[in-house]
Amino acid sequence: MRHVSLESQTLLKDMPPQFAKTLGLMPLYRTFIDGVRATWADNPAAAEYLLDKVNAVYLRTEQPRGGRLRDMPTTVFEVMLSDAMSRSELNARRESLKLNLALRGVSCDELRIGASKRGMLQRHPLKNLCAAPPAPPAAAPKKPPVSEAEALAVLRRACIVVFGEEALPKAAAITGAKVTPAAASSIEYRSARQWYFCNATVSSAAAEKELSASAEALRDKCFRLGLPLRKLTFRDR
């Protein structure tokens, strides 16, 4: 007579999905799928190939048959696969998969890999659960570069903020503002903000001297007005 636990395992793996879900197998399957995809995050095609070759997944407790630890049960996570290539691929990242399963709440002492035989080859318990993961959202379109006219308008507005009542002649003295994109620094690289160098032309040497003395204050106001400047310079045309 077959052991009751063996009969129970056979019954569970042959059950329709709705019954297996009731008995808690679906969460285990989903955890395994997520763990495999995390382990092969660098090669999603390999992850999907491996999942397609899975014929059974078991999580059970076994009692060692001998040795000093015979009184300590062992948790075994066993995966049955249909071809040698998938078994070899899984074996190569066995420990990484164990870690990713543990991070998702399924810990085991041993991750066992087995070869599917006979009728087991016809079982594909993960097939309906392995819908392709959603594609990552498309990157937001990059903001077009700032034009010279836009930079000039922002720079003149910054003059008004910095110089107040004396701003009008100084703003009028700025005749151009050539901007070039600046490479992001190690601190800024995570931000989507584009920084610029700005070389502004002015109408006189006196205006160049006066505006250059306030370049940092103007650069700060330009940033607040939406034009991040790495450096702001003035030159007499």
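The values are calculated or read from the model by the stated rules, or taken from the named source; none is laboratory data. Everything quoted here is computed from the prediction, not taken from an experiment. Backbone-built Cβ (ideal geometry, glycine too); neighbour counts: all protein chains shown.
Within the range 203-236, count every residue that is part of a loop (DSSP other than H, G, I, E, B) and farther than 19 Å from Gly164 by Cβ.
Looking only at the range 203-236, we keep the residues that are part of a loop (DSSP other than H, G, I, E, B), and these are 203-204, 214, 225-228.
When the remaining residues are screened for being farther than 19 Å from Gly164 by Cβ, the result is 203-204, 226-228.
Total satisfying the criteria: 5.
Just checking, does the range 140-161 include any residue being surrounded by 17 or more Cβ atoms within 10 Å (Cβ to Cβ), part of a strand (DSSP E or B) and modelled with pLDDT of 90 or more?
Taking every residue of the range 140-161 in turn, none turns out to be surrounded by 17 or more Cβ atoms within 10 Å (Cβ to Cβ), part of a strand (DSSP E or B) and modelled with pLDDT of 90 or more.
Would a scan of the range 24-34 turn up a residue that is at pLDDT 60 or above and farther than 16 Å from Asn128 by Cα? Write out each step before concluding.
First, pick out the residues of the range 24-34 that are at pLDDT 60 or above: 25-34.
Checking which are farther than 16 Å from Asn128 by Cα leaves us with none.
No, the range 24-34 contains no residue that is at pLDDT 60 or above and farther than 16 Å from Asn128 by Cα.
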